[in-house]
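Engineer: Can you keep this structure in mind? I'll have questions shortly.
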Amino acid sequence: MCALPNLDPLWVTAIATAVSGAVTTVLAIITWFYMRAAKTISVEAQRPSFGLEPTFYTLGGGFHQLRLKNSGAVAKELKIDVTDSKGTTYWYAPSLSHDAYILLQTDVDEASNLGKAITVTVRYKDGKGTELETTLDLDFAKMFAEKRKALYQGDPFTDMSESLSNIEQVETSKRMEELARRANEPRQPSKPNI
């Protein structure tokens, strides 16, 4: 039978302390990696996240306008450069909140017909004031070369909101035209009260 050697209790304690120290060091390193990963995820979750969404569709056809949508945190001091077949147009927006969008002023029909690209570059600040930049492209030549068609994107609430907004704009325009017409009508002199 094999007998275990007699170990001095001091050596047993020393070995147990060394093993415990090694395990603690490994756990500290693993914790450090998890903390870095959690910080990276947290930073990304607090940043704005932009995308281009097609809008204003025709039946059986494509879309006619683009909107820049922020699906992340609030973006501040947006400097938006929209480059299409006519050149670059420079826009500014003070902020864009989560799930809000900006309707871009660009000629989607012309870019589509000519097989050109639309490039949107957004320079902005996040919640901490860090300056960031994102570039988004919509390349019609590439879409056509790959024989791809644009799919409808939207949800009922956005569609209803846009429809109501369009109705409101038409009604406001009609009211303004009526007020302008009334302002231009000659006035009848009023009779003095005796």
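The values are calculated or read from the model by the stated rules, or taken from the named source; none is laboratory data. Predicted model only: the values in this text are computed from it and were never measured. When we count neighbours, we look across all protein chains shown, and the Cβ atoms used for this are built from the backbone with ideal geometry, even at glycine.
Engineer: Filter region 83-96 down to the residues that are surrounded by 13 or more Cβ atoms within 10 Å (Cβ to Cβ) and either touching a residue at least 60 places away in the same chain (Cβ under 8 Å) or within 15 Å of the chain's Cα centre (by Cα) (or both) and list them by number.
Structural biologist: Of all residues in region 83-96, those surrounded by 13 or more Cβ atoms within 10 Å (Cβ to Cβ) come to 83-85, 89, 91, 93, 95-96.
Residues satisfying the conditions are Ala93, Ser95, Leu96.
Engineer: Assuming Leu164 fulfils every condition listed in (1) modelled with pLDDT under 85; (2) part of a loop (DSSP other than H, G, I, E, B) apart from one, which condition is it?
Structural biologist: Evaluating Leu164 over (1) modelled with pLDDT under 85; (2) part of a loop (DSSP other than H, G, I, E, B) leaves (2) as the failure.
Engineer: For region 67-104, enumerate the residues that are among the acidic types (Asp, Glu) and under 21 Å from Ala141 (Cβ atoms).
Structural biologist: If we filter region 67-104 for residues that are among the acidic types (Asp, Glu), which is where we start, we get 77, 81, 84, 99.
Once the filter is applied, which keeps residues that are among the acidic types (Asp, Glu) and under 21 Å from Ala141 (Cβ atoms), region 67-104 yields Asp81, Asp84.
Engineer: What are the residue pairs meeting all of these: first residue in region 113-130, first residue in a helix (DSSP H, G or I), second residue among the polar types (S, T, N, Q), Cβ atoms under 7 Å, and 6 or more apart or on different chains?
Structural biologist: Leu114/Ser85
Engineer: State yes or no: is Gly87 out of contact with any strand residue (DSSP E or B) (no Cβ under 9 Å at 6 or more places or on another chain), at pLDDT below 85, more than 20 Å from Glu131 (Cβ to Cβ) and not aromatic (Phe, Trp, Tyr)?
Structural biologist: Working: out of contact with any strand residue (DSSP E or B) (no Cβ under 9 Å at 6 or more places or on another chain): yes; at pLDDT below 85: no; more than 20 Å from Glu131 (Cβ to Cβ): yes; not aromatic (Phe, Trp, Tyr): yes.
For Gly87, the condition - out of contact with any strand residue (DSSP E or B) (no Cβ under 9 Å at 6 or more places or on another chain), at pLDDT below 85, more than 20 Å from Glu131 (Cβ to Cβ) and not aromatic (Phe, Trp, Tyr) - is not met.
Engineer: So, one more: If you check every pair at least six apart or on different chains, which have Cβ atoms under 7 Å apart with a residue in region 50-79 that is modelled with pLDDT of 90 or more and among the β-branched types (Val, Ile, Thr) first and a residue that is part of a strand (DSSP E or B) and surrounded by fewer than 16 Cβ atoms within 10 Å (Cβ to Cβ) second?
Structural biologist: Val74/Ser95
Engineer: Kindly indicate whether Gln153 is at pLDDT 70 or above and out of contact with any Lys or Arg (no Cβ under 7 Å at 6 or more places or on another chain). Break it down into steps so the answer makes sense when it comes.
Structural biologist: On the way: at pLDDT 70 or above: no; out of contact with any Lys or Arg (no Cβ under 7 Å at 6 or more places or on another chain): yes.
When the stated conditions are applied, Gln153 does not pass them.
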